Amino acid sequence: MPDTQPPVATLIKQGAEARVYTIPFAGRPAIVKERFRKAYRHPTLDEKLTSRRVVQEARCLHRIRRAGVDTPTVYLVDLKASTIYMEFIDGISVRDHILATSPLNHQHERELATKIAKSLGVMHDMDIVHGDLTTSNMMMRAGDNPSLVLIDFGLSFVSTLVEDKAVDLYVLERALSSTHPDTDSFFQAILNAYAKNSKGGKPVLKKLEDVRRRGRKRTAFG
Amino acid sequence: MHPIPLPPLFAPPPADVPLATVPLAGDGSPPYVMYIQPFTDVQNAAEVKKLLMAGDPRVPEMTLVDASNILDIFQLQLACTKALLSQRDNTMTTRTLYAEILFNLCPTNKISEAFRKFGIADTSTAVLAVMVGQQPPSAEIQNMLATLIKGTPVGVDSVPGLADVKAVNKIFKLGSGQRTRNETLSLVIGTMALKGIMS
Ligand SMILES: Nc1ncnc2c1ncn2[C@@H]1O[C@H](COP(=O)(O)OP(=O)(O)O)[C@@H](O)[C@H]1O
Ligand SMILES: [Mg+2]
């Protein structure tokens, strides 16, 4: 960007809780994610809740990255402005990738499923629950043998409960089947790899059966 | 000294005003810039440190960083930016902006440790002089610096080569796993960003 142009942040996603902008950041492509306040909440209470969410999101991003799972590097946290500055991931969402390449061939499907499962396995073994596992919240870095990047820890939390981890997987299953038809075998491949690659995987998968049963009931009756 | 821009801070617009682009130049005042001068073959680190600690008038206001724990000037840029942010919010841990910069470089919350591990030491041979301002340091200040430090002024590009990756791994408790330098830098940057809000 030439020096004469005043720098700007450019909105790329307006969500219900947060806005995401790309921003020039000392020569590195970056994004800034701003969690905005809820007008209907009491201002001081809201400030506390918002900054707790911001801290939680940044912490989870960083803890998982340290454990070897690819996430955007956190550059800076501004609690007053409820913003997180982080590395811009040059790549595409798993969602767009699947839409662009469907049907996935068998080998490719297995590779992608294994990458996803490994990341989720490490995350769950650290007792971190993502809270919003969709294919939009997973990215693949550009380039050969792209690394899988988990993003959007805005709803993440720490939990040792098998149930919470099972619900995490269930959310992913529902998200997959609603955005991508015919992905049953893909999800099954994720589960198989998850069982193999995470320490606490087996009980989580067992619990997933219960969660699915309850989920089906809920949809059937309500 | 070499001017290095600092990342601009983002002031969120009101929640009910969704702007497609948000200007970052803020209040119209000139942006803060980091001015850095690396020195190698420094021969009088102990003496410089003594003068610095004594607040000697021959020492300009600045942070003097031992180069061995700096993988990339990005670490310094973020330490400066964070210090300016804390100054804005009145949440500085130390008493001056320049002490705060040193504090921000260190993963732990002990000021003395930050000085010991990141500040100039008696044995330092490569040193980075860092200043922050809205305009460049005056010729007078630059002369003071050149007179103070007996060493070879070098370009900013030499900074990565002055680092000791092993020492960085140790200070940031990164273990000794195989990792690219970029990955190490990412973990360092993330750890700095999360300092004070990690647990
Ligand atoms: N670090 C990043 N690099 C590149 N794109 C990102 C990054 N973080 C977010 N995005 C993009 O912005 C979108 C919204 O960000 P996200 O963190 O998922 O917020 P939300 O809570 O609104 O879903 C993502 O789906 C992705 O397309
Ligand atoms: Mg999202």
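The values are calculated or read from the model by the stated rules, or taken from the named source; none is laboratory data. Please read these numbers as outputs of a predicted model, since none were measured by experiment. A quick note on method: Cβ atoms are made from the backbone with ideal geometry, for glycine too, and the neighbour counts reach across all protein chains shown. Areas reflect the complete protein model, heavy atoms only, side chains present, ligands, DNA and RNA absent. Shrake-Rupley method; radii C 1.70, N 1.55, O 1.52, S 1.80 Å.
Give the residue that is surrounded by the most Cβ atoms within 10 Å (Cβ to Cβ), with candidates limited to residues of the range A:140-165 that are more than 12 Å from ligand 2 (Cβ to nearest atom) and polar (S, T, N, Q). Reasoning before the result, please.
First pass over the range A:140-165, keeping only residues more than 12 Å from ligand 2 (Cβ to nearest atom): A:140-149, A:157-165.
Those left that are additionally polar (S, T, N, Q): A:145, A:147, A:159-160.
Details: A:Asn145: 8, A:Ser147: 14, A:Ser159: 16, A:Thr160: 9.
Of everything passing the filter in the range A:140-165, A:Ser159 is surrounded by the most Cβ atoms within 10 Å (Cβ to Cβ).
For (1) among the hydrophobic types (A, V, I, L, M, F, W, C); (2) surrounded by 17 or more Cβ atoms within 10 Å (Cβ to Cβ); (3) away from every other protein chain (no Cβ under 14 Å), each residue gets a yes or a no:
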{"residue": "B:Pro14", "(1), (2), (3)": "no, no, no"}
{"residue": "B:Thr94", "(1), (2), (3)": "no, yes, yes"}
{"residue": "B:Cys106", "(1), (2), (3)": "yes, yes, yes"}
{"residue": "B:Phe118", "(1), (2), (3)": "yes, yes, yes"}
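Can you tell me how many residues within the range B:168-199 are over 24 Å from A:Ser51 (Cβ atoms), among the small types (Gly, Ala, Ser) and at pLDDT below 95?
Residues flagged as over 24 Å from A:Ser51 (Cβ atoms), among the small types (Gly, Ala, Ser) and at pLDDT below 95 within the range B:168-199 amount to 3.
Mind checking which residues of the range A:79-102 are more than 13 Å from ligand 1 (Cβ to nearest atom) and either open to solvent by 70 Å² or more (accessible area, probe 1.4 Å) or among the β-branched types (Val, Ile, Thr) (or both)?
The answer is A:Lys80, A:Ile98, A:Leu99, A:Ala100, A:Thr101, A:Ser102.
How do the pairs read when you match residues in the range A:5-24 that are facing chain B (nearest Cβ under 7 Å) and more than 12 Å from ligand 1 (Cβ to nearest atom) with residues anywhere that are open to solvent by less than 60 Å² (accessible area, probe 1.4 Å) and of a type in the set (Gly, Ala, Ser), using Cβ under 7 Å and keeping only pairs 6 or more apart or on different chains?
From the range A:5-24, the pairs are A:Pro6/B:Ala25; A:Pro7/B:Ala25.
The rows are residues; the columns are (1) of a type outside the set (Val, Ile, Thr); (2) over 20 Å from the mean Cα position of the chain (by Cα).
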| site | (1), (2) |
| --- | --- |
| A:Thr183 | no, no |
| A:Ile190 | no, no |
| A:Ser198 | yes, no |
| A:Val211 | no, yes |
| A:Arg214 | yes, yes |
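Here is a list: A:Val69, A:Val32, A:Val77. Which entry is within 16 Å of ligand 2 (Cβ to nearest atom) and within 21 Å of the chain's Cα centre (by Cα)?
Details: A:Val69 fails: within 16 Å of ligand 2 (Cβ to nearest atom); A:Val77 fails: within 16 Å of ligand 2 (Cβ to nearest atom).
Of the residues listed, the single one that is within 16 Å of ligand 2 (Cβ to nearest atom) and within 21 Å of the chain's Cα centre (by Cα) is A:Val32.
Which residues, counting only those in the range A:113-139, are touching a helix residue (DSSP H, G or I) at 6+ places or on another chain (Cβ under 6 Å), open to solvent by 40 Å² or more (accessible area, probe 1.4 Å) and farther than 10 Å from A:Ser198 by Cα?
A:Thr114, A:Ser136 - these are the residues of the range A:113-139 that are touching a helix residue (DSSP H, G or I) at 6+ places or on another chain (Cβ under 6 Å), open to solvent by 40 Å² or more (accessible area, probe 1.4 Å) and farther than 10 Å from A:Ser198 by Cα.
Do you know which residues across the range B:189-199 are open to solvent by 10 Å² or more (accessible area, probe 1.4 Å), touching a helix residue (DSSP H, G or I) at 6+ places or on another chain (Cβ under 8 Å) and touching a residue at least 60 places away in the same chain (Cβ under 8 Å)?
Across the range B:189-199, the qualifying residues are B:Thr191, B:Lys195.
Tell me, please, whether a residue that is surrounded by fewer than 14 Cβ atoms within 10 Å (Cβ to Cβ) and under 22 Å from B:Leu6 (Cα atoms) can be found in the range B:173-188.
Taking the range B:173-188 and keeping what is surrounded by fewer than 14 Cβ atoms within 10 Å (Cβ to Cβ), we get B:173, B:175-178, B:180-182.
Remaining after also requiring under 22 Å from B:Leu6 (Cα atoms): B:182.
Yes, the range B:173-188 contains at least one residue that is surrounded by fewer than 14 Cβ atoms within 10 Å (Cβ to Cβ) and under 22 Å from B:Leu6 (Cα atoms).
From the list B:Leu51, B:Leu24, B:Leu64, B:Leu84, pick out the single residue that is facing chain A (nearest Cβ under 9 Å) and out of contact with any Ser or Thr (no Cβ under 7 Å at 6 or more places or on another chain). Break it down into steps so the answer makes sense when it comes.
On the way: B:Leu51 fails: facing chain A (nearest Cβ under 9 Å); B:Leu64 fails: facing chain A (nearest Cβ under 9 Å); B:Leu84 fails: facing chain A (nearest Cβ under 9 Å).
The match here is B:Leu24.
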